[in-house]
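This report refers to the structure that appears directly beneath it.
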Amino acid sequence: MKGVIKSIDSYPGVKVVEGCIQVDSGWKGHSPGQFAFVTSKSIEGAHPYTIASAWNPDERSLSFVIKELGDWTGQLQQWLKVGMSVSVEGPYGCFDFSGRQPRQIWIGAGIGITPFIASMKYLAQAPGRRKLIYSIPPRIMMRKPSKN
Ligand SMILES: Cc1cc2nc3c(=O)[nH]c(=O)nc-3n(C[C@H](O)[C@H](O)[C@H](O)COP(=O)(O)OP(=O)(O)OC[C@H]3O[C@@H](n4cnc5c(N)ncnc54)[C@H](O)[C@@H]3O)c2cc1C
């Protein structure tokens, strides 16, 4: 299905790019924790990314938070442009946080945080208790030494 990139934000300190895609009426919604295959350059083909946003039928947008890890993801900052057409296939996956326990503790690390971002956004729309533990590598927490 077709989509159009409506915003791009980059976080160079953690080598992450966040893209928000407006999808057409073919997208029937998704559950937090699911992923989609996204293609923005046909010769490169589709790559899987977790949908890092909760579904809102009024907004019809999907967010993806992508770490620059390899050949393709390392080029995304330069390649992606607002207004660019992309194709999105999905949603897929069953990591949807359903379970019989009334309370859950989630532990995320690195770019593996993306399903939890989607679920926190989803739960923000409903009352209830939740706790998220996110581990940050020590080098990100360290301050740059001052020059003087
Ligand atoms: C269900 C699912 C959901 C995902 N969700 C997300 C998400 O939300 N956000 C996200 O950022 N990513 C996510 N990913 C991962 C993402 O799909 C990949 O990081 C991306 O497709 C890699 O493409 P690439 O061409 O940039 O990397 P590649 O060049 O294919 O490299 C992939 C990895 O292998 C390593 N590598 C490559 N070549 C070698 C080698 N010769 N020796 C050792 N290591 C090597 C690279 O450093 C990199 O870590 C998800 C993957 C799946 C399956």
Amide N proximity, the stretch 89-120 versus Ile133 label position 7 Å along Cα-to-Cβ, cut-off under 12 Å = 105-109
inquiry  = I want to verify a result. In a Gaussian network model of the chain, Cα cutoff 10 Å, which of these has the top mean-square fluctuation: Phe116, Phe37, Phe95?
reply    = Phe95
message = Not counting ligands, DNA or RNA, and with a 1.4 Å probe, what is Leu132's accessible surface area in Å² rounded to the nearest 10?
response = 60 Å²
Listed residues Trp27, Trp79 arranged by accessible area, highest first, probe 1.4 Å = Trp79, Trp27
request  = In whole Hz, with x marking every Gly and Pro, tabulate ³J(HN,Hα) for the stretch 100-114 from phi via Karplus 6.51 cos²θ - 1.76 cosθ + 1.60, θ = phi - 60°.
outcome  = 7, 6, x, 10, 9, 10, 9, 10, x, 8, x, 6, x, 6, 4
remark   = For the stretch 2-141, the dipole about the Cα centre with charges only on Cβ (Lys and Arg +1, Asp and Glu -1), to the nearest 20 debye, works out at 500 debye
request  = Under 15 Å from the Cβ of Ser40, count the other residues' Cβ atoms, weight Lys and Arg +1, Asp and Glu -1, and hand me the total.
outcome  = -1
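Using R₀ = 35 Å, calculate the FRET efficiency as 1/(1 + (r/R₀)^6) where r is the Cβ-Cβ separation of Lys121 and Trp72; round to 0.05.
Step by step, r from the Cβ atoms, then E = 0.85.
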message = Along the Cα→Cβ direction, 7 angstrom out, place labels at Lys28 and Arg60. What is the inter-label distance in nm?
response = 1.7 nm
ask   = Any idea of the accessible area per residue across the chain, 1.4 Å probe, to the nearest Å²?
value = 65 Å²
query = Do any trypsin sites (Lys or Arg not before Pro) in the stretch 3-38 lie in a DSSP loop with no more than 10 other beta carbon atoms within 10 Å, and if so, which?
reply = Lys28
Inter-probe distance in nm under a simple model that places probes 7 Å from Cα toward Cβ, at Ile105 and Ser42 = 5.1 nm
remark   = The local net charge around Asn56, scoring Lys/Arg +1 and Asp/Glu -1 for residues other than Asn56 whose Cβ lies under 14 Å from its Cβ, equals +2
ask   = Given the protein chains as shown and a 1.4 Å probe, how many square angstrom of Met1 are accessible, to the nearest 10?
value = 70 Å²
query = Using a probe of 1.4 angstrom, how much of the accessible area of the stretch 2-141 is carbon and sulfur, in percent?
reply = 56 percent
note = Counting sequence-distant residues (5 or more places) and residues on other chains, those with an amide H built under 5 Å from that of Trp55 are His30
request  = Inverting the mean 1/r over all pairs of different Cα atoms, compute the Kirkwood radius of the chain and quote it in Å.
outcome  = 16.6 Å
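The values are calculated or read from the model by the stated rules, or taken from the named source; none is laboratory data. The shown structure was predicted, so the numbers you read here are calculated from the model rather than taken from an experiment. For neighbour counting, all protein chains shown are included, and Cβ atoms are generated from backbone atoms with ideal geometry for every residue, glycine included. Each accessible area value is taken on the protein alone, full model and side chains, heavy atoms only, with ligands, DNA and RNA left out. Shrake-Rupley method; radii C 1.70, N 1.55, O 1.52, S 1.80 Å.
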